[in-house]
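Every number in this text was worked out from the coordinates using simple rules, so none of it is lab data. None of the values given here were measured: they were computed from a predicted structure. Glycine also receives a Cβ, built like all others from the backbone with ideal geometry; neighbour counts cover every protein chain displayed.
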Amino acid sequence: MVQYVHHKADTRGLDHNGRLDSKKTFSFADYYNPKRMGFGALRVLNDDVLAGGKGFGSHPHDNMEIISIPLSGSLRHEDSLGNNAVVQAGQVQVISAGSGLFHSEYNHSASLPASFLQIWIYPAALNTKPRYTRTNLPLAEQQNKLYTFIRPGGSGHSIAVRPDTWMSMGIFDKGAQVRYPLQEEGNGLYAFVIAGEFAIEGKVLQTRDGLGILNSKAIAAQSLSDAASLLLIEVPMDLSTIL
């Protein structure tokens, strides 16, 4: 039987300080909710706004796939692998932390805020070689359709994080419909509305709402507003396959 887990935007954990305004779908840092520890291999989904000139100094990560999607503004990244880059709206950055690295992340603008999604996914194997990847999210490929930018093996401009994980985004006119068939049996799908309003499997989701869907082979979504933006994250649900 298909199961749904609906996370309304206003039920997320909140973190406000002088540099960061963060809304957390799942438990992270100072926000802890034992009923929200993730969705299968999806561990973190943070909706962050970083103040101008602010950021995070060099700090370590290991054994996690860390995906950053700027929605407005840009982020400046440096790491112990020697990467020095600016990732901006219309791009996605993936840090495969593997056996460990240090990195820093700052708002590239001294005055304007930067809004971004930070997503953590458990890796398929521990202590792999760390790597940094960045790619574009072409707008033309997202108009009234889904553009897959995370897929097993990577291809074209897509990036691989696990052999069983896909991520897709699309921007839809009012009334536009899209069907997403799950790629692997046993996977779950987490839908996150970046902007606008959608009807997904008969459930209405508004801006920044999330919906976890289990035991489904495909989902149907319809945009209920213009310029509505949707993120879909397909991940394995069996925890024994995560680590």
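Sum up the charges of everything whose Cβ sits under 12 Å from the Cβ of Asp15, counting Lys and Arg as +1 and Asp and Glu as -1, but leave Asp15 out. Before the final figure, lay out the partial values.
Numbers: positive: Arg12, Arg19, Lys23, Lys24; negative: Asp21, Asp30, Asp47, Asp48.
Neighbour charge sum, excluding Asp15 itself: 0.
If the chain between Asp30 and Arg179 were fully stretched, how many nm would it gain, using 0.36 nm times the residue separation less the Cα-Cα distance? Can you show the working numbers first?
Details: separation 149, 0.36 × 149 = 53.64 nm, distance 3.68 nm.
Using 0.36 nm per residue and subtracting the Cα-Cα distance, I get 50.0 nm.
For a quick check, take a GNM of the chain with Cα springs below 10 Å and name the residue from Arg162, Arg179, Arg43 with the largest mean-square fluctuation.
Looking only at Arg162, Arg179, Arg43, the largest GNM fluctuation is found for Arg179.
Please work out how much length the chain gains when fully extended from Lys54 to Ser104, using 0.36 nm per residue of separation minus the C-alpha to C-alpha distance, in nm with one decimal. Don't skip to the answer; put the middle values down first.
Values: separation 50, 0.36 × 50 = 18.00 nm, distance 1.11 nm.
Taking Lys54 through Ser104 to full extension adds about 16.9 nm, to one decimal.
Note the full-extension length gain between Asn84 and Ala125 as 0.36 nm times their separation in residues minus their Cα-Cα distance, in nm to one decimal. Don't jump to the answer; show the numbers that get you there.
Numbers: separation 41, 0.36 × 41 = 14.76 nm, distance 2.61 nm.
Extra length available between Asn84 and Ala125 comes to 12.2 nm.
Beyond 20 Å, what percent of the Cα pairs of the range 166-243 remain? Don't skip to the answer; put the middle values down first.
Details: 805 of 3003 pairs.
Tail of the P(r) past 20 Å holds 27 percent of the pairs.
What does the charge add up to near Phe28, with Lys and Arg as +1, Asp and Glu as -1, over the other residues with Cβ less than 12 Å from its Cβ?
So the environment of Phe28 carries a net charge of +1.
Within the set of other residues whose C-beta is less than 15 Å from the C-beta of Ser225, count the net charge using Lys and Arg as +1 and Asp and Glu as -1.
Details: positive: Lys174, Arg208; negative: Asp173, Glu197, Asp209, Asp226.
Once positives and negatives cancel, what remains is -2.
Taking only C-alpha pairs under 8 Å that are 6+ residues apart, what is the relative contact order of the chain in percent? Kindly include the intermediate steps, with their values, before the conclusion.
Numbers: 678 pairs, mean separation 47.4, N = 243.
20 percent.
What do you get for GluC sites (Glu not before Pro) in the range 165-243 restricted to DSSP loop and a cutoff of at most 11 other Cβ within 10 Å of the site's Cβ? The partial results should precede the final answer.
Working: sites: Glu184, Glu185, Glu197, Glu201, Glu234; in loops: Glu184, Glu185, Glu197, Glu201.
For GluC sites (Glu not before Pro) across the range 165-243 that sit outside H, G, I, E and B with at most 11 neighbouring Cβ atoms in 10 Å, the list reads Glu185.
Reachable lysines from Lys174, Cα under 19 Å, same-chain residues fewer than 8 places away excluded?
Lys145, Lys203
What's the FRET efficiency of His16 with Asn136 using the Cβ-Cβ distance as r and R₀ = 30 Å, to the nearest 0.05? Don't skip to the answer; put the middle values down first.
Values: r = 32 Å, r/R0 = 1.06.
Efficiency, rounded to the nearest 0.05: 0.40.
Under a point-charge model restricted to the Cβ atoms of Lys and Arg (+1) and Asp and Glu (-1), what is the dipole moment magnitude of the range 3-241 relative to its Cα centre, in debye to the nearest 20? Intermediate values should be presented prior to the final figure.
Values: 21 positive and 22 negative charges, 7 e Å.
Around 40 debye, computed over the range 3-241.
Can you list the lysines whose alpha carbon sits under 21 Å from that of Lys54, skipping same-chain ones fewer than 8 residues off?
Within reach: Lys23, Lys24.
Provide the FRET efficiency to the nearest 0.05 for the Ala160-Asn215 pair, computing r from the beta carbons and using R0 = 30 Å.
Result of the calculation: an efficiency of 0.70.
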